[in-house]
Amino acid sequence: MLRVVIIKPSKYGVNGHVERFRRGLMPNSTVPYIRSMTPDSVDGVPVETYAIDEYVQTDLGYLDLIRSPAQPTLLALVGVQSHQFQRALDLAAFARANGVRHCVIGGPHPMTCDTRLLQNRGVSFALAEAELIWAQILRDAIKGELEPVYGRERRWAEQLQSPVLIPPSKRDLRRYLAPMLGIYPARGCPFTCNFCSVIKIAGRQVRSQSIETTMESLRNAKAAGVELVMFTSDNFNKYAEAKELLEQMIEENIGIPFFVQCDTQVAKQEELVSLLRRAGCFEMFVGVESFNRKTLLAARKAQNHPSAYSEIVTLCRKYAIFSHFSNIIGFPDDTAGTIREHLHVLRELNPDVASFYILTPAPGTEQYDDFLAAGYITEQNLDRFDATVPVWRHPNLSDRELVDLLFFCYRRFYSTPHLVATSLKTHRPPTMGALGALVFSLGLPLFSRFEAMRRTHPMCGGFSRVRLDSFFDYRDLRKKQYGLERVPLPLSLELSKPDLELNRRVKLAQTR
Ligand code: SF4
């Protein structure tokens, strides 16, 4: 028997506590994927699997699974981003100290950053997509020895062979705002925004799983009581089979409201937007980032044309889809004046939902490399690299000013007139009930405003914090396992030749 414990680690908050919430805002997508890729037996050995999203654990009972286990146990820390990396290391150190022999850490951070300093210290690292290496990791755990590193040769498979998803249990679904499931019909993005880690994690080639795989996952989700699906692919409108998938969803009357992310070129894809609505889309998230074309060009986001942003709002309104504009403040040429001007233009356009983040050089990205080389990065603690606090020295704005402006943007955008107008809107997706629509049109905006007034970022992970443990409970374990108190800022990891070759094959047409 092999016990497999899959954990999406949380992060340490500013006071060192582990971030946990009574209700999660949105589910992690990687956990169900890895869970669904884990068979009931491997080479005749039964496998018992547990899947945990640490953000929504309101007691520490799950740690018993990695404390003195009676049977061989593999701890997999998955989907680990840079701000969650130290927490992942600590959970692995805790497991090792309590008799778990096999621990592996995977996700954006180990895939894109140099972890050599931490390798060969009893914890393995996964540098590639799970589809390429998970089966091998399971076999090695059964044989009794993990390799120090998996997936060094390449990050991505040429074809996406993802599993049909096994939905979480009803109990786990209840841990979120609504019973939600994330599904990736496609991965990768053809663009080259210099601040973005997606192209380093999933590549520039848009690779998709079969439509039947997505449809079967949707059917399973519906049967399991999932009431909301997040299509977590980064640019749903660049996914070549999107139309076909939507048509099948309409034909089968899947009827689960869903959320998509699109790039700004969706402004010219009315037919797709119309299909989205008919298939049940309730919200479209678009990374508009800035209204300044020069800023966008400097960030290598040339595909964004601010003049077309209003068309997205109009199109979404026409098809009863909430438009969600994501904004970045603190680009190098921003000033307090340009950020206020940005907010003014945004309010004029009046998308239904807006979110704001502080420009953060995410480890592993081109922008991180540039900022690190130029000596701009001031924050040494990886826990802080989550786009909610300043981590680099801005030429025109102090840290305090940036944070003030961030919360100002939230408060002003979600002004009382906006809240009233949004809640009175009669449009709502046909697949969403009146209560669900009210939660999304009024509940979340109200929550965003309230959190901004408390100077807490609304997108931190959920509602109603629960404080159970903190970094201080794990500090000695970290030191013993890895010989350090804090992980130094890493260098980015180079792509291998096969990965570069796959990127090179991206057709220019995809980026036009
Ligand atoms: S379009 Fe979005 S996903 Fe693609 S590189 Fe730019 S920010 Fe990343």
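The values are calculated or read from the model by the stated rules, or taken from the named source; none is laboratory data. Since this is a predicted model, take the numbers as computed values, not measurements. Cβ placement follows ideal geometry from the backbone for every residue including glycine, while neighbour counts extend to all protein chains displayed. With ligands, DNA and RNA removed, areas are computed over all heavy atoms of the protein, side chains included. Shrake-Rupley method; radii C 1.70, N 1.55, O 1.52, S 1.80 Å.
Some points to look at:
- Spans of strands (runs of 3 or more DSSP E) in the range 277-380 with at least 2 residues farther than 24 Å from Ser197 by Cβ and touching a Phe, Trp or Tyr at 6+ places or on another chain (Cβ under 7 Å): 281-289
- Residues satisfying the stated conditions in the range 378-394, i.e. more than 23 Å from the chain's Cα centre (by Cα) and under 26 Å from Asp90 (Cα atoms): Thr378
- Of all residue pairs spaced 6 or more apart or on separate chains, those with beta-carbon atoms under 8 Å, a first member in the range 56-78 that is in contact (Cβ under 8 Å) with a residue 24 or more places away in the chain and a second member that is in a loop (DSSP other than H, G, I, E, B) and charged (D, E, K, R) are Val56/Arg20; Val56/Arg175; Gln57/Arg20; Thr58/Arg20; Leu60/Asp469; Pro72/Arg101; Thr73/Arg101.
Residue-by-condition table, conditions (1) closer than 24 Å to Asp469 by Cβ; (2) open to solvent by less than 30 Å² (accessible area, probe 1.4 Å):
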{"position": "Asp53", "(1), (2)": "yes, yes"}
{"position": "Val56", "(1), (2)": "yes, yes"}
{"position": "Asp59", "(1), (2)": "yes, no"}
{"position": "Leu138", "(1), (2)": "no, yes"}
{"position": "Lys143", "(1), (2)": "no, no"}
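- Here the range 145-163 is the region considered, the condition is being in contact (Cβ under 8 Å) with a residue 24 or more places away in the chain and more than 27 Å from Gln205 (Cβ to Cβ), and the residue that is surrounded by the fewest Cβ atoms within 10 Å (Cβ to Cβ) is Pro148.
- Hits in the range 204-225 (condition: part of a helix (DSSP H, G or I) and either crowded, with 21+ Cβ neighbours inside 10 Å or of a type in the set (Val, Ile, Thr) (or both)): Ile211, Thr213, Thr214, Ser217, Leu218, Ala221
- Among the residues listed as Thr295, Thr335, Thr314, the single one being at pLDDT 95 or above, over 24 Å from Ala178 (Cβ atoms), among the hydroxyl-bearing types (Ser, Thr, Tyr) and open to solvent by less than 20 Å² (accessible area, probe 1.4 Å): Thr295
- Among residues of the range 462-474, those that are farther than 12 Å from Tyr12 by Cα and surrounded by 14 or more Cβ atoms within 10 Å (Cβ to Cβ), counted: 4
- Odd one out for Leu489 among (1) surrounded by 15 or more Cβ atoms within 10 Å (Cβ to Cβ); (2) in a loop (DSSP other than H, G, I, E, B); (3) in contact with a helix residue (DSSP H, G or I) (Cβ under 6 Å, 6 or more places away or on another chain); (4) modelled with pLDDT of 90 or more: (3)
- Members of the range 300-311 found to be within 16 Å of the ligand (Cβ to nearest atom), surrounded by fewer than 22 Cβ atoms within 10 Å (Cβ to Cβ) and either over 24 Å from the mean Cα position of the chain (by Cα) or not basic (Lys, Arg) (or both), listed by number: Ala302, Gln303, His305, Pro306, Ala308, Tyr309
Yes/no matrix, rows are residues, columns are (1) within 16 Å of Gln136 (Cα to Cα); (2) assigned to a loop (DSSP other than H, G, I, E, B):
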{"position": "Pro32", "(1), (2)": "no, no"}
{"position": "Arg35", "(1), (2)": "yes, no"}
{"position": "Ser68", "(1), (2)": "no, yes"}
{"position": "Leu74", "(1), (2)": "yes, no"}
{"position": "Gly79", "(1), (2)": "no, yes"}
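- Filtered residues of the range 44-71 (kept if β-branched (Val, Ile, Thr) and over 19 Å from Asn28 (Cβ atoms)): Val45, Val47
- When the range 272-289 is limited to residues that are within 14 Å of the ligand (Cβ to nearest atom) and open to solvent by 10 Å² or more (accessible area, probe 1.4 Å), the one that is farthest from the chain's Cα centre (by Cα) turns out to be Glu289.
- Single match in Val353, Val391, Val345 (criterion: closer than 24 Å to Phe285 by Cα and surrounded by 17 or more Cβ atoms within 10 Å (Cβ to Cβ)): Val353
- Any chance Ile211 is under 15 Å from Arg35 (Cα atoms), in contact (Cβ under 8 Å) with a residue 12 or more places away in the chain and away from the ligand (no atom under 16 Å from the Cβ): no
- Scanning the range 61-97 for residues that are polar (S, T, N, Q), under 14 Å from Val5 (Cα atoms) and surrounded by fewer than 23 Cβ atoms within 10 Å (Cβ to Cβ) yields Ser68, Gln71.
- Some residue of the range 27-36 being at negative phi and in contact with a Lys or Arg (Cβ under 6 Å, 6 or more places away or on another chain): yes
- Whichever residue in the range 5-15 is open to solvent by less than 10 Å² (accessible area, probe 1.4 Å) and part of a loop (DSSP other than H, G, I, E, B) and, among such residues, is farthest from Leu77 (Cα to Cα): Gly13
- Count of the range 169-190 residues which are more than 13 Å from the ligand (Cβ to nearest atom), modelled with pLDDT of 90 or more and over 14 Å from the mean Cα position of the chain (by Cα): 11
- The residue that is most open to solvent (accessible area, probe 1.4 Å), counting only those in the range 113-129 that are under 21 Å from Pro72 (Cα atoms) and in contact (Cβ under 8 Å) with a residue 60 or more places away in the chain, is Arg121.
- Being at pLDDT below 95 and buried (at least 16 other Cβ atoms within 10 Å of the Cβ) is a property that does not hold for Asn327.
- Candidate set from the range 254-271 (those that are under 14 Å from Ser217 (Cα atoms) and either touching a Phe, Trp or Tyr at 6+ places or on another chain (Cβ under 7 Å) or free of Cβ contacts under 8 Å to residues at least 60 places away in the same chain (or both)); member that is surrounded by the most Cβ atoms within 10 Å (Cβ to Cβ): Phe258
- Search result, residues across the range 191-203 that are open to solvent by 30 Å² or more (accessible area, probe 1.4 Å), over 13 Å from the mean Cα position of the chain (by Cα) and either more than 26 Å from Phe371 (Cα to Cα) or more than 8 Å from the ligand (Cβ to nearest atom) (or both): Lys200
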